[in-house]
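Here the structure is laid out as structure tokens; the discussion comes afterwards.
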Amino acid sequence: MARQPQDLLHLLTRAERLAARRIQSVLDAFSCSVDAWRVLDLLSGDEGRNMTALAEDAALPAPTLTKIVDQLVDQNLVFRRVDPADRRRVLAQLTPRGLRRRREVSRAVRAEWGPSVPGLTEDEEDQLLPLLGRLSGALASGGGREGATTTAGEHPVGRGR
């Protein structure tokens, strides 16, 4: 039986939507969306992230990311500052309150999600994550197998484990 692109797209979409629905039930207690949680997680480093890279890594259109960051700024979870390396760029960075919130939310999500992806063994998860990383890398670079540069330990969207 020949595999069709829509089969993979259907399965990926269904898995993403079901996972997001499960996580959203936890995030509701924090008045947080899945996309906002993803942004908080991506900003967990000390140095801040420029908005262009953040939009790409969060898989969000720039206007959507700007709205989310605006909301996070209003909640005193994120602040913006000028990039000292390129004064034309703006960096988003977590506030101390944002760091605490990210930790709280991540703990709650892990408590709901469990130690690994629901329904998969640890070995299956260890196989799935690199494959999804390779797929993301290949699609981001134009789709060819030769364009897949993501290595087994990298997770282009989100932070991985």
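Below, the figures for the structure above:
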item: Segment 43-108: GluC sites (Glu not before Pro) falling in loop per DSSP and having at most 16 other Cβ within 10 Å; result: E47
item: Normalised per residue, the volume of the convex hull around the Cα set of the chain (Å³); result: 143
item: Span-rule helices in the chain, defined as complete DSSP H runs reaching 15 Å or more along the axis (Cα) with Kyte mean at least -1.0; result: 5-27, 62-74, 122-140
item: Separation of the V82 and L11 label points, Cα + 7 Å toward Cβ, nm; result: 5.1
item: Dipole of the chain, positive end: most advanced residue of L9, S25, W113 [Cβ charges, Cα centre]; result: S25
item: Helix-derived mean residue ellipticity, 222 nm - over the chain, DSSP H n ≥ 4, -39500 (n - 2.57), to 500; result: -18500 deg cm²/dmol
item: Residue with peak Gaussian network fluctuation, the chain [Cα springs, cutoff 10 Å], from Q75, Q24, Q93; result: Q75
item: Listed residues A15, A138, A58, most fluctuating in the chain (Gaussian network, C-alpha, under 10 Å); result: A15
item: Chain lengthening between L18 and A62 when straightened (0.36 nm per residue, less Cα-Cα); result: 13.4 nm
item: Computed accessible area, D28, all protein chains, 1.4 angstrom probe, square angstrom; result: 100
item: Equivalent-ellipsoid semi-axes of segment 39-119, from the Cα gyration tensor, Å, largest first; result: 25, 14, 11
item: Amide H within-cut-off set for D83, under 5 Å, with H built and near neighbours excluded; result: R89, V90, L91
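The values are calculated or read from the model by the stated rules, or taken from the named source; none is laboratory data. The model shown is predicted, which means the values in this text are computed figures rather than measured ones. Every residue, glycine among them, receives a Cβ derived from its backbone with ideal geometry; neighbour counts consider all protein chains shown. Note: areas computed on protein heavy atoms with side chains; ligands, DNA, RNA excluded. Shrake-Rupley method; radii C 1.70, N 1.55, O 1.52, S 1.80 Å.
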